[in-house]
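The values are calculated or read from the model by the stated rules, or taken from the named source; none is laboratory data. Small disclaimer: the values here were computed from a predicted structure and weren't measured. Counting neighbours? That spans all protein chains shown, and the Cβs are built from the backbone with ideal geometry, glycine included.
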């Protein structure tokens, strides 16, 4: 582990080498101010996500916090897991700012900035919500399409909207153009609807616009969302799929995306799984289709989210990305956009999953998760007790200190009596105040018992020799019929960022203003 000064990090980020930058603070801390280009990876998620985010153990990884000790601990955890080139931003975000370098606020900033640039540079039409409501009131023919996720669509949508989720809407382009009425797409805010609108324009739909500010703009204008169940889902005709695929092929090929055949992908996957290649393989279909059957080793990431939340899933810059669809259409649309975002090595599985199957390729079902790093070591840390055994042991140890290292949301929903919430990333910093004596018995819990094992290992290293772990976590405790308490004393936990559309009207308005100011901020930074 070495330290890297701010300007050296800036140079690394401008290079064409492979590197990853992790903000290991709690998500709310990172949201409040981070180095743009960083992937948010809270310390509690290191062992759970590092292997899928950085497959090649020789990759240069830089971690940072505000300038405290958490980044050092995170780097040590990654080193224990086998990563060989760990660097800590010297002085953290405080030093970054002191060097005259700006911090970005918000989440998924690269994608949202890209969306605003697409809006400005390509003249994406937007329809004010008041105008859309006037169309509805006057009965003007039009069609509204909700391009968010199926789950978001089910919760609430602009009245009358049809579901055409993410890049799936592109497969419907010819069908939508044939309707001969204005097509209006919407998301929760701006980015996804801007991308969807421009996608349809590129695929031949001329009379299309994005709802200005989406469902948040609709709500802020005082209009109600439709919340009743809806089965209005767009299903593209074969002709429309064929047309969209041909147009998307031309776009993606011109942009520099290429195809990879099944044999090459199999070889790449083997190298990735051996820890020798940074490779991301994303299935861009909707989740139920992925669960019904997919290429082993692929991850589910519907195309719209691949564009909206790229920084969450592609941590290593200049790595290879392979996109898989049932055939090719949605993968080609996504590949075109990722190339436009600046990703240099974007590939589409030739012929898609259908060709993979036809060639005898195996298909995996369900939604498998990557095995957490050093899981066996975490399971061996501390003294593991089943719920009833822990209940009895606590009765005989009234002075034992009980800490819950899960998320604030899980803690508020239910935790052991006497348990204190201690964010995993802050564990070593706060334990001396909670348990001043290293001879104290410390009981560690979380929702499922996974983080507790890693926390126990850290507590033992900190000098607490008698650490107990609730086997199966609070979920197992509750299932055994044992009592839990609810609520959270901390009025403003920083570990979870709630989407702006799930907050109050003031927060929605502030978020939309922030999003629209992203390009101005970038131009200001460039000057």
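Of the residues in the stretch 453-491, how many are in contact (Cβ under 8 Å) with a residue 40 or more places away in the chain, out of contact with any helix residue (DSSP H, G or I) (no Cβ under 8 Å at 6 or more places or on another chain) and within 27 Å of residue 28 (Cβ to Cβ)?
3
For residue 403, all conditions in the list (1) part of a helix (DSSP H, G or I); (2) under 31 Å from the mean Cα position of the chain (by Cα) hold save one; what is the number of the exception?
(1)
So which residues in the stretch 130-154 are surrounded by 14 or more Cβ atoms within 10 Å (Cβ to Cβ) and closer than 28 Å to residue 341 by Cβ?
Selection gives 144, 145, 146, 147, 148, 149, 150, 152, 153.
What do you reckon, is residue 229 more than 26 Å from the chain's Cα centre (by Cα), assigned to a loop (DSSP other than H, G, I, E, B) and within 21 Å of residue 196 (Cα to Cα)?
no
Quick check: anything in the stretch 429-439 in a helix (DSSP H, G or I), under 29 Å from the mean Cα position of the chain (by Cα) and crowded, with 17+ Cβ neighbours inside 10 Å?
Of the stretch 429-439, the ones in a helix (DSSP H, G or I) are 429-434.
After this cut, where a residue has to be under 29 Å from the mean Cα position of the chain (by Cα) as well, the list is 429-430.
Still in the list and also crowded, with 17+ Cβ neighbours inside 10 Å: none.
No, the stretch 429-439 contains no residue that is in a helix (DSSP H, G or I), under 29 Å from the mean Cα position of the chain (by Cα) and crowded, with 17+ Cβ neighbours inside 10 Å.
Of everything in the stretch 233-251 that's part of a loop (DSSP other than H, G, I, E, B) and out of contact with any helix residue (DSSP H, G or I) (no Cβ under 6 Å at 6 or more places or on another chain), which residue is surrounded by the most Cβ atoms within 10 Å (Cβ to Cβ)?
234
For the stretch 300-400, give me every one of the helices (runs of 4 or more DSSP H) that falls completely inside it and has 1 or more residues that are within 30 Å of residue 465 (Cα to Cα).
It comes to 375-380, 387-395.
Listed here are the residues, each with its yes/no results for (1) part of a loop (DSSP other than H, G, I, E, B); (2) at pLDDT 90 or above.
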| residue | (1), (2) |
| --- | --- |
| 478 | no, yes |
| 492 | yes, no |
| 496 | yes, yes |
| 510 | no, yes |
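Here is a yes/no grid of residues against (1) in the same structural domain as residue 426 (by TED's automatic domain parsing); (2) surrounded by 17 or more Cβ atoms within 10 Å (Cβ to Cβ); (3) out of contact with any helix residue (DSSP H, G or I) (no Cβ under 7 Å at 6 or more places or on another chain):
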{"site": "9", "(1), (2), (3)": "no, yes, yes"}
{"site": "13", "(1), (2), (3)": "no, no, yes"}
{"site": "50", "(1), (2), (3)": "no, yes, no"}
{"site": "56", "(1), (2), (3)": "no, yes, yes"}
{"site": "117", "(1), (2), (3)": "no, no, no"}
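Which condition number in (1) outside any helix (DSSP H, G or I); (2) touching a strand residue (DSSP E or B) at 6+ places or on another chain (Cβ under 6 Å); (3) under 24 Å from residue 111 (Cβ atoms) is the one that residue 30 fails?
All conditions pass for residue 30, except number (1).
Tell me, yes or no, whether the stretch 88-103 has at least one residue that is closer than 26 Å to residue 505 by Cβ, crowded, with 20+ Cβ neighbours inside 10 Å and within 25 Å of the chain's Cα centre (by Cα).
Checking the stretch 88-103: not a single residue is closer than 26 Å to residue 505 by Cβ, crowded, with 20+ Cβ neighbours inside 10 Å and within 25 Å of the chain's Cα centre (by Cα).
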